Amino acid sequence: MKIAIMGAMPEEIEPIISKLDNLNVVEYAANKYYEGAYHGKEVVVAYSKIGKVFATLTATILIEKFDCNTLLFSGVAGAISNDLKVGDLIIADSLCQHDLDITAFGHPYGYVPEGEVCVASDEKLRDLAKQVAEAKGLPLKEGIIATGDQFVADAERKEWIGKTFNADALEMEGAAVAVVCSALNVPFFILRAISDAADMDAGFDFDKFLESSAKISADFILSMVDGM
Ligand code: ADE
């Protein structure tokens, strides 16, 4: 087993890279890929940069060039559900693209022909996450995560995304990773810790809580690697 661990920003993968043994950095396609081992398990870690296009590129490279056969994503998200507060963890049971819109042709939001509105993540990895959460005594929410190329800092937009997709949290990469992994038959898992509430304070909160929430997510991901 070779495990890909992906984030979008340096802050999201730094707490993971700092714990790897036998680190080897490979520069490829204008990015850095960190090969190494965590407690004897082979991993390749990278941050994609923000957004769906960069996330698609990095997930594809982790699978096609580095031969990873499982992908775990770690990072932060904006909360939609009122249950979720800064630092809380959510796992995606499925992911959708909130900014994908060909409704002019009678299709639902988030849908393109031969695609699906929501792409489901791997059930076994979700089960493992629930076991890890229980062992750590941490609450873990499971729900739909909505992805789009937009930092949402607007209560109306957030509510629209929540209602339209029944989503509990939003971010900017997860659904792109889901589409890649599903097309290539690679089991994947998306974990996010809340950094903000996607409202008018989101920019300020994101800057304030990015590092601490990213670390909460990264620590959880490493515990999952231990259980794999
Ligand atoms: N990731 C974390 N917070 C976010 C927000 N408010 N919008 C989009 N992506 C995010």
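The values are calculated or read from the model by the stated rules, or taken from the named source; none is laboratory data. The shown structure was predicted, so the numbers you read here are calculated from the model rather than taken from an experiment. Cβ placement follows ideal geometry from the backbone for every residue including glycine, while neighbour counts extend to all protein chains displayed. The protein model used for the area step is the full one, side chains on, heavy atoms only, and it has no ligands, DNA or RNA in it. Shrake-Rupley method; radii C 1.70, N 1.55, O 1.52, S 1.80 Å.
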- Spatial separation of Cα centroids for the stretch 69-122 and the stretch 197-228, in angstrom: 17 Å
- Order Thr56, Thr70, most accessible first, counting only protein heavy atoms with a 1.4 angstrom probe. Thr56, Thr70
- Query: Going by the alpha-carbon gyration tensor, a ≥ b ≥ c the square roots of its eigenvalues, is the stretch 33-190 rounded (a/c under 1.5) or, if a/c is not under 1.5, prolate (a/b greater than b/c) versus oblate?
  - Reply: oblate
- Per residue, how much accessible area does the chain have with a 1.4 Å probe, in Å²? 45 Å²
- At what distance in nm do the modelled label points of Asp207 and Ala120 sit from each other, each positioned 7 Å from its Cα along Cα→Cβ? 4.2 nm
- What FRET efficiency comes out for the pair Asn22/Asn82, r = Cβ-Cβ distance, R0 = 45 Å, nearest 0.05? 0.55
- Task: Positive end of the charge dipole of the chain (Lys, Arg +1 and Asp, Glu -1 on Cβ, about the Cα centre): tell me which of Ser212, Leu20, Asn31 has its Cα farthest that way.
- Result: Leu20
- Task: Just the number, please: percent antiparallel of the DSSP beta bridges in the chain, rounded to the nearest 5.
- Result: 40 percent
- Task: Provide the net charge surrounding Tyr47, with neighbours chosen by a C-beta distance below 15 Å and charges set as Lys +1, Arg +1, Asp -1, Glu -1.
- Result: -3
- Environment charge of Leu71, counting only residues whose C-beta is closer than 13 Å and scoring Lys/Arg +1, Asp/Glu -1: -3
- Item | Residue-level accessible surface for Lys158, protein heavy atoms, 1.4 Å, Å² | 30 Å²
- Query: Excluding ligands and nucleic acids, what accessible area in Å² is computed for Tyr28 using a 1.4 Å probe, to the nearest 10?
  - Reply: 100 Å²
